[in-house]
Structures are given as structure tokens and as C-alpha cells.
Amino acid sequence: MKTAMQLAQESYNLGEVPVGAIVVKNNEIIGRGRNTVISDNDVTAHAEINAIREASKMIGNYRLVDCNMFVTLEPCHMCAKAIVDARLNSIIFAAKEPKTGSIFSIDNFFEKKVLNHKVNYKFGLFEEDSSKLLKDFFEQRR
């Protein structure tokens, strides 16, 4: 999660919403991502999507079987669906997202019976650090 926090700080420094994500396989980081929505002019360029893209290129497969994601903020529905479709084993996220969080806050997306893949999840690791970074970012923007 430290690496994901560093990526979130990079986003913060560049004026992007400070979210970072990594994909890990066999205790090795195979994908890194941070929010690049503004700089890429791409609404899909969330940290989770960028990490999945890099990991998929690294292993040469769009299925990230036996991989885990660490992300600094609870994923939105778009990212949650990408996590399911990539077949990630689990996700650990730092802070809850009360407005758009799809795993715990406004929905329990991973618990949907219609999904063809089960993703395990936990939250709270580095929660205070992530929450503070996000609060500081949005206070600066106001």
C-alpha cells in the first residue's frame, strides 16, 4: 500500500485526484496506476484501470488470475467491473468513498450474484493517510 500511496501523492502533485493503485502477483508489483483523468483527457483513466492495463501488458494477458490489487480509495462501479473482468483475486483499499464507492459505501457490487467471478476485499489499510491526502486535495481546490 505504500507504493499505492506514493502514486496517489504523484497524482496530487500533478493536480489529479490523489488515488494510486498497484497490482501484485507472487509478491511482485506487475502494474502501477495513478489517476490521469485530467492529463489524459480520459474519463476512464482511473488509478485502478491504469494499474490493470500495465499489469495486463506485463504478463501478456488480460486475465490477472492470482493477482491482488492495493488501491488508496474504494473503487467506483467502472473500476469494480474492470476488477471483476480482469479476474483479480482480491482488492485491499485504504479509504471508503461515501459518494461513489461501489464495494462498501453506496453498493456491495462484489456481492452481486450475477457476477461470474468472486473478488475478495478488505479495507482500512492506510485509511487515515489516504483520507488526509484526499481531504487536503479537495480543500485546496475550493
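The values are calculated or read from the model by the stated rules, or taken from the named source; none is laboratory data. Everything numeric here is computed off the predicted structure, so don't read it as measured data. Here Cβ is always computed from backbone atoms with ideal geometry, including for glycine, and neighbour counts include all displayed protein chains. Please note that ligands, DNA and RNA were not included when accessible areas were found on the heavy atoms of the full protein model with its side chains. Shrake-Rupley method; radii C 1.70, N 1.55, O 1.52, S 1.80 Å.
Remarks
- Among (1) open to solvent by less than 20 Å² (accessible area, probe 1.4 Å); (2) assigned to a loop (DSSP other than H, G, I, E, B) - the single one GLY31 does not satisfy: (2)
- Flag for THR72 being in contact with a Pro (Cβ under 8 Å, 6 or more places away or on another chain) and β-branched (Val, Ile, Thr): yes
- Index of the failed condition, ALA95 passing every other in (1) in contact with a helix residue (DSSP H, G or I) (Cβ under 7 Å, 6 or more places away or on another chain); (2) over 13 Å from VAL19 (Cβ atoms): (2)
- Index of the failed condition, GLN9 passing every other in (1) assigned to a loop (DSSP other than H, G, I, E, B); (2) open to solvent by 10 Å² or more (accessible area, probe 1.4 Å); (3) under 14 Å from LEU134 (Cα atoms): (1)
- Filtered residue count, region 13-32, keeping only those that are in contact with a Lys or Arg (Cβ under 7 Å, 6 or more places away or on another chain) and of a type in the set (Gly, Ala, Ser): 1
Residues checked against (1) over 16 Å from LYS122 (Cα atoms); (2) among the acidic types (Asp, Glu):
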| residue | (1), (2) |
| --- | --- |
| MET1 | no, no |
| GLY20 | yes, no |
| ASN35 | yes, no |
| ILE59 | yes, no |
| ASP66 | yes, yes |
| VAL71 | no, no |
| ALA82 | yes, no |
| LEU88 | no, no |
| ALA94 | no, no |
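- Qualifying helices (runs of 4 or more DSSP H) (wholly inside region 37-142; at least 3 residues being among the charged types (D, E, K, R) and surrounded by fewer than 20 Cβ atoms within 10 Å (Cβ to Cβ)): 47-59, 127-141
- Any hit, region 17-27, residues being out of contact with any strand residue (DSSP E or B) (no Cβ under 7 Å at 6 or more places or on another chain), closer than 20 Å to ASP136 by Cα and open to solvent by less than 10 Å² (accessible area, probe 1.4 Å): yes
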